[in-house]
Every structure is written in C-alpha cells, then in structure tokens.
Amino acid sequence: MIIGLTLAGNALTDAAPKELVCPELENLGIVHQYAAEDYETYLDDIIGPTDGLVSEEEQIEAQIVLLEKTADKIPAEDTEARERIEWELQTLRKTPASASNWVWVISLITLLATVVFSRYLKGFLGQLPLLLGALTGCAAALILFLINRDMNLFRSMSDAVLAESPWKSPNGILAVPAFSLPKISWAAVAAIMPIAIATIPESTAHMYQLDIYVNDVAKKKGKKLGYSLVDMLDRNLIGDGLCDMVSGFIGGPAGTNYGENISTMAITRVFSVPVLAVAAVLAMVISFFTPLIRVVYGIPLAVIGGLEIYLFGAIAAQGIAIMIDRKADMFSAKNIAVIASIMVIGIGGNYAFGGNIPFFGINVPCIAGAAIFGILLNLLLSIGDKKRGNEPQETVPAEAGEQE
C-alpha cells in the first residue's frame, strides 16, 4: 500500500502541467546594441532587489517588456533584427503546451477511458483496457494539436540519444543499446544496500497479492483446489537475488517483482505466465528498433500520468486487500503504530525530501527507510506477544448477548 501511495506523487507529476521555465534570451546581442540601458534595468528587476527570487512567470514578463522596448528602438532599416525580436516575443507570449491546463484534460480523459474500458468491456477487449486507454488519450492529444498547433504534447527523441548506441544499421532502423560492465564502488554498495533490504518486504507483499488474485480467479472458474503461492516465497526471494546479481554484472538496475505488473494483471484480468513472458521479450525487442523507440517515447506524459494514477492506485488498493484477506486487526495499538510510521516516513519522505532521506551521509530511499523502520518497529513491539496471548481474556456471558 505504501509503495502505491508513494508512487502517487510520480503519477500526479506526470499527469499535471509542468512549471513554466524562463528561457534564455536568444537575441541578447541585439538587445545590447539598441537597448543596453533597458537591459541593465531588466537585470536589476530580476536579480538586484530580490536576490534572484522572482518567479519564472515574472522573469518571462520582464523579458517581454525588455524585448518590446528593444523593438521600439530598432531602426526601420534593420528589418532582420526587428523580425528576430518579434519572433522571440511571439514565442514568449505563448504558454508552452506542457504548462497548459489542457494537460489535466488529457490525463483525465486517459484515466476515465481506462477505467470505463476495464469496467464494461468483456472478452478479448476486456483484456486491453490499458492499451485502449492509452490510445484514447493519444487520440485526444492529437485532436487538441489539430485544433491548436501550439498545443503539441507529443514528445520527440533527440538524435544525440540514439547516437550513443555502439552499433547501428546503415539505415538507422536497428540500434544496439549500450551495455557496460560494473565499476566497483563501496559508496554505491552502501547506497544500494537499503534498497536491497526494502525489496524483501516488497516481494513478500507481492506474493501475497498474487496469491489473493490467482485464488480469486480459480474460485470464479470453479476450481476446488487453491494455489498456495505464498509457500513459494523462498524461491521468489532467491530468484530476485540471482536476477539482481546478473543485472548488476552487466550494468543494469536492481529489480524485484513489480507491483505495476501485478496491477496490470488485476486490471486486464490476464494472469498467464506465457503472456507476460512474451510481453517481456517484446519489450526487449522494441529496444533494438529505433522507429518503435521513437513511437513509445513520443507518448505524451499526460497520457502516461493518467495510466499511472490507475496503476499506482491499484497497488495501494492491493495493500488494503491483503490486510482484509489476512484479517489484520486495525484496532491493535501495535498495528496502528507500524502502519502510521511506515505511511508517514514513506509518503512524507517522498514529499519533503524528493524521495531520498539524508541519513549520516547516505541518501536512503524513503520506501526503503519506511520498510526498514517498519520491520524493526514491528519486531520491537512484538516482544512479549506470546506472554500476553496466554493471559486470560475477558469474556461476555452468553445470556448478556440475548438480553435486550
């Protein structure tokens, strides 16, 4: 649950309009030539009195005023300088597409379309709500662009990124991703160790989630025998450790079984291992084809944010489902203390420290810190549980329940 709530900030960041960023003046030479005094006034306005603490919007407004004064002072015969200043003015007066409130509209269209498809579509189409939701969001973004050419939310990948590939086909269609061998760094080891510890409770929770979902599907299909996936937790943790070692040896990131994939299974109602294996292979194949890379990268962040709201919210819902399935006592002082501490450290750390909590020179990921503290607190508060469990409990006479 805490992972889903923590990742909710990432989802809303992608789904929300981006903050305005004041660009650098492109025609500073022309400004110096015709409006040097006005430029000094501009610097005093944005830097001098306020020590550079003016907002991005105020800086843009100050640039517009400066360029307008510059345009008034350019001689009529210097048409090139006038055109360049006018073009820069037009650019500054336009609100960037990524900062427009229309970003919210595209995100909500994507979210609502995905939810509706997941709720009402049946059969084969009922297994594609995420894909159909993404297509709906992209279609809405395309319509917005056709109506207003300045509202282009689609992204383009720089050729410099693909140029980093160690090998490319002559036509540029195929490109091999850059692989690298690891470099030994004890500082990196110290930084990654908390994450490795945090993946243990994360993987455990994921196994409980899978156990609930798979057995629910089996029950609906009339299967009398259940599947005890939780009993395979030891194999899962060993597999995670081996995969992390292999990934680290070739320069890849550490990983675990991802809650996002489990959310995808819950939303699409597809729990087939071969299907997931094929999807993984396709994802790797796509990374070798530059046209497909550009298509995937071009998906607007607003569309991705709309999907993330559903996926990450589903992760939080899965945590609640586990507590309900395991009949966790939410009135227990111990459980309340553990849950409250984990939620505040995880969510508060993500909000206040940007996801990494500084601790004795080490930036501890807030999820890892919350998990470690929760484990230690649970162990501490579990001392004496057996002793208290043997104490006689107060009982209510049967007759008392029958009295009105």
So residue 87, is it under 25 Å from residue 313 (Cβ atoms), of a type in the set (Phe, Trp, Tyr) and assigned to a helix (DSSP H, G or I): no
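Per-residue answers, yes or no, for (1) assigned to a loop (DSSP other than H, G, I, E, B); (2) at pLDDT 80 or above; (3) hydrophobic (A, V, I, L, M, F, W, C); (4) within 30 Å of residue 132 (Cα to Cα):
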residue	(1), (2), (3), (4)
309	no, yes, yes, yes
312	no, yes, yes, yes
315	no, no, yes, yes
319	no, no, no, yes
327	yes, yes, no, no
331	yes, yes, yes, no
343	no, yes, yes, no
354	yes, no, no, no
Scan of region 131-162 for residues that are under 16 Å from residue 289 (Cβ atoms) and assigned to a loop (DSSP other than H, G, I, E, B), ordered by number: 157
Of all residues making up region 92-130, the number that are surrounded by 14 or more Cβ atoms within 10 Å (Cβ to Cβ) and either of a type outside the set (A, V, I, L, M, F, W, C) or assigned to a loop (DSSP other than H, G, I, E, B) (or both): 13
Flag if residue 383 is at pLDDT 50 or above, closer than 19 Å to residue 332 by Cβ and assigned to a loop (DSSP other than H, G, I, E, B): yes
All positions within region 153-167 that are in contact with a strand residue (DSSP E or B) (Cβ under 7 Å, 6 or more places away or on another chain) and without any contact (Cβ under 8 Å) to a residue 24 or more places away in the chain: 165, 166, 167
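The values are calculated or read from the model by the stated rules, or taken from the named source; none is laboratory data. All values derive from a computational prediction rather than experimental measurement. Heads up, the Cβs are rebuilt from the backbone with ideal geometry, glycines too, and the neighbour counts pull from every protein chain shown.
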